[in-house]
1. Got a sec? Charge dipole of the stretch 117-236, +1 on Cβ for Lys and Arg, -1 for Asp and Glu; which of 126, 216, 141 is way out at the positive end?
2. For residue 79, project a label point 7 Å along Cα to C-beta. Then give me every residue of the stretch 7-45 with its amide nitrogen under 17 Å of that point.
3. Under the 0.36 nm per residue contour assumption, what length would be gained going from the current alpha-carbon distance of residue 264 and residue 184 to full extension?
4. State, as an integer percentage, the relative contact order of the chain based on alpha-carbon contacts under 8 Å between residues 6 or more apart.
5. For the stretch 117-236, with only Lys/Arg (+1) and Asp/Glu (-1) charged at the beta-carbon, what is the dipole magnitude about the Cα centre, in debye rounded to 20?
6. What is the stretch 117-236's relative contact order, in percent, from Cα pairs under 8 angstrom and six or more apart in sequence?
7. For the stretch 253-301, just say rounded, prolate or oblate: build the C-alpha gyration tensor, square-root its eigenvalues into a ≥ b ≥ c, call rounded for a/c under 1.5, and beyond that prolate if a/b exceeds b/c, oblate if not.
8. State the extension gain, in nm to one decimal, for the chain segment bounded by residue 50 and residue 256, taking 0.36 nm per residue of separation less the distance between their alpha-carbons.
Amino acid sequence: MERIRVLIAGSGPAGYTAAIYAARANLAPVVYTGMELGGQLTTTTVVENFPGFPEGVDGTVLVDNMRRQAERVGAEIRTGTVTSCDLSSRPFKVTVDGSVEVEAETLIIATGASAKYLGIPGEQEFRGSGVSACATCDGFFYRKQDVAVIGGGDTACEEAVYLAGMCNKVYMIIRRDQMRASKAMQEKVASRSNIEILWNSLPKEVVGDLRGVSGIKIEDKFSGESRVVPVSGVFLAVGHHPNSEVFAPWINVDKEGYIQTQSDSPKTNVPGVFAAGDVADVHYKQAITAAASGCRAAIEADRFLQGQ
Ligand code: NAP
């Protein structure tokens, strides 16, 4: 069976940064990309807060540059998803795509987080035909139409601003009387005249028929009154859940599934297993913090191997 010194699961900033550091330490890292190649950066537009890019940088370009940099310094990038593992003893046994089995001396989990859905009626029924969690992927289909974005975080603001550039009207449906988003993002929303914010509004149902989505039913948080906002697209931006399910039987996770690492370290409770990026980040969830934790995980993997 193939034995890998540093196996990295995930292809966002955490995974690729870990790969760059591990490759430069001569550890011949192998990255399994996972299903969402490039991670969440590929679903954003311009990233303005990653240092080194005074004019901002396209998220997809940024993460693709990281991949190319990792490859250039010797990391091997493989298309595949870790589907199960046995971390009870070393070398760890890792199964990829349900059938390929490899052994790993160390494992860096950088599987990130995926968009959450609400669980309201109509949401799954119209997923892919009116309901989306990625404006940059699907916004094009709603050109000159009216759409709704659900959520009041940075992602929701980013999606709303992006959609405002191509849609007729964008409703932001926010369940409180304030946004969670940063001031900078809120200002961008405020500068777009075709974004209307519906405060204190609880999303209740995606309404539609065989032709697709025709509206989103919302309920006023205080009066309980409900109404249907007529839109042809509903974009969800209500946060993310960590992609830790495959590893959770072996390592400590919190009640939401975030991998628990030792304080100020990417070490998990299993020696030789490290976690980096959004899968272990309850607080920051930024591309730059993910990259930094990938660096730390690779350095710790190197130290661990040297100690063996
Ligand atoms: P988030 O900050 O957790 O915001 C989620 C939003 O969805 C909140 O407004 C939340 O409302 C709302 N929400 C959650 N469940 C809901 C429900 N059942 N019904 C209605 N609304 C619901 O998630 P995010 O926007 O994806 O951001 C995640 C992290 O990535 C953040 O740290 C953010 O700063 C970062 N990020 C940064 C950028 C950037 O810097 N450019 C871009 C994107 C994301 P409540 O506020 O009431 O909970």
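Each value in this text was obtained by applying a stated rule to the coordinates, not by laboratory testing. Note that the structure is predicted; figures quoted are calculated from it, not measured. Every residue, glycine as well, gets a Cβ built from its backbone with ideal geometry; the counts of neighbours run over all protein chains shown.
1. 141
2. Counting only backbone N, you get 10-12, 31-39.
3. 25.9 nm
4. RCO, the chain: 21 percent.
5. So the dipole magnitude of the stretch 117-236 works out to roughly 180 debye.
6. Computed value for the stretch 117-236: 31 percent relative contact order.
7. Note, shape of the stretch 253-301 comes out oblate.
8. 71.4 nm
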